[in-house]
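A short write-up of the structure that comes next.
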Amino acid sequence: MQFRSEEAARKDAPAEDVYSKFAVKPACHGDVPRLADKMSIGDLVELQAVLVDASDPTTIYPWSYRHIASARETSSFLCMPEVLCSILYAPNRKDEAKKDFRIAIASPAEAETVTDVLGDLSRLKKFLGYKYGPLNGFVVRGKRGPGKKSLHGAACYRSLQDDEAGLSDEAVILNFLKRKSQVFAPYMSEDNPWEVIPLHIVNMATSGAHRLESVLKRHRFMTQQDGSHAEMEFAHANVVLDYARNAERPTCKYFSICRSKPIRIETGLPTRARPKKIKSTEDATVIKASHLFG
């Protein structure tokens, strides 16, 4: 009976969160299992399982992995493990049976405080129109009172339909306020400031579209048709951005849900979400370091 009680206590205890990692195979790796020999030095992979040396817990070896790119391709890549993502899709203009995908990446680390959205349109316009890299939207989130615990929010982004209609950034924001201002406007004040969180929106590379087709079927909650303006929900994903074609607006080279049962995160992004900043490749040279974990 004592054994069963101990087992039950262990199962009820909250599990530690396990974060995903990207890895670059080092030049000197010692006695690495044979699986690592299938990789070349500098190859970029997503580690799915690892072995830990019992005599030296700091030494970790790859056991199961997904190959992302060879060493000669990774100079323009920015790896972003476990970022908050939502997926936008639209019919392909040439073939309606296919879909074009865009990835919306929320960046809580770049949040700015706002107390009056209606009076701050000029500041909000900088979040639209790809003025700064892939930045083309934002999430307004906050609490509906100083003593409240739950977060609420609403997302605004420039849709493909907005581009086709030739709408200005100000018009996009005003349309957003007509639809969603009731979520935040009555509760925002100097005593109860909210946040504006940038949304970096990037196109998905054609080679990775099949993976998003699978996500669309299995995890429909985090996908929405581009321009539908439904409530945006997020989940943690591993993303690799490729700056090869355009130094300012990268393409999503790789996308993968971090867990088989992803955590559903509504627009009121929780503060416990790991903050990430989207930087240029020059600021992310650490991913080229000769360590298993960069």
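Is it fair to say Ala90 is farther than 30 Å from Glu190 by Cα, part of a loop (DSSP other than H, G, I, E, B) and small (Gly, Ala, Ser)?
no
Residue-wise test of (1) outside any strand (DSSP E or B); (2) within 26 Å of Arg245 (Cβ to Cβ); (3) in contact (Cβ under 8 Å) with a residue 24 or more places away in the chain.
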| position | (1), (2), (3) |
| --- | --- |
| Phe101 | no, yes, yes |
| Asp120 | yes, no, no |
| Phe138 | no, yes, yes |
| Gln161 | yes, yes, yes |
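Contact list please: Cβ distance under 9 Å, first residue in the range 223-242 and without any contact (Cβ under 8 Å) to a residue 12 or more places away in the chain and small (Gly, Ala, Ser), second residue surrounded by fewer than 22 Cβ atoms within 10 Å (Cβ to Cβ) and in a strand (DSSP E or B), pairs at least six apart or on different chains.
Matching pairs, first to second residue: Ala230/Gln224.
For the condition under 20 Å from Lys126 (Cα atoms) and not in a strand (DSSP E or B), what is the one hit in Leu199, Leu212, Leu177?
Leu177
Just to verify a result, which residue in the range 52-77, among those that are farther than 24 Å from His219 by Cβ, touching a helix residue (DSSP H, G or I) at 6+ places or on another chain (Cβ under 9 Å) and not in a helix (DSSP H, G or I), is most open to solvent (accessible area, probe 1.4 Å)?
Step by step, filter the range 52-77, then rank; the result is Trp63.
Give me the residue from the range 127-145 that is modelled with pLDDT under 90 and crowded, with 22+ Cβ neighbours inside 10 Å and, out of that set, farthest from the chain's Cα centre (by Cα).
Per the stated criteria, the residue is Gly142.
Would you mind telling me which numbered condition in (1) surrounded by fewer than 12 Cβ atoms within 10 Å (Cβ to Cβ); (2) under 23 Å from the mean Cα position of the chain (by Cα) Asp95 fails?
Unmet condition: (2).
Would a scan of the range 107-116 turn up a residue that is at pLDDT 90 or above, under 16 Å from His200 (Cβ atoms) and in contact with a Gly (Cβ under 9 Å, 6 or more places away or on another chain)?
No.
Looking at the range 221-240, can you tell me whether even one residue there is open to solvent by 20 Å² or more (accessible area, probe 1.4 Å), within 28 Å of Leu47 (Cβ to Cβ), part of a helix (DSSP H, G or I) and at pLDDT below 90?
yes
Quick one: in the range 161-180, of everything that is more than 25 Å from the chain's Cα centre (by Cα) and more than 13 Å from His229 (Cβ to Cβ), which residue is surrounded by the most Cβ atoms within 10 Å (Cβ to Cβ)?
Across the range 161-180, the extreme among qualifying residues is Leu167.
Would you check which residues across the range 193-207 are out of contact with any Leu (no Cβ under 6 Å at 6 or more places or on another chain) and open to solvent by less than 10 Å² (accessible area, probe 1.4 Å) and list them?
Listed by number, the residues that qualify are Trp194, Val196, Ile197, Leu199, Ile201, Val202.
The values are calculated or read from the model by the stated rules, or taken from the named source; none is laboratory data. On a predicted model such as this, the values are computed, not experimentally measured, just so you know. Methodologically, a virtual Cβ is constructed for each residue, glycine included, from the backbone with ideal geometry; neighbour enumeration extends over all protein chains shown. Heads up: the accessible areas ignore ligands, DNA and RNA and are worked out on the full protein's heavy atoms, side chains in. Shrake-Rupley method; radii C 1.70, N 1.55, O 1.52, S 1.80 Å.
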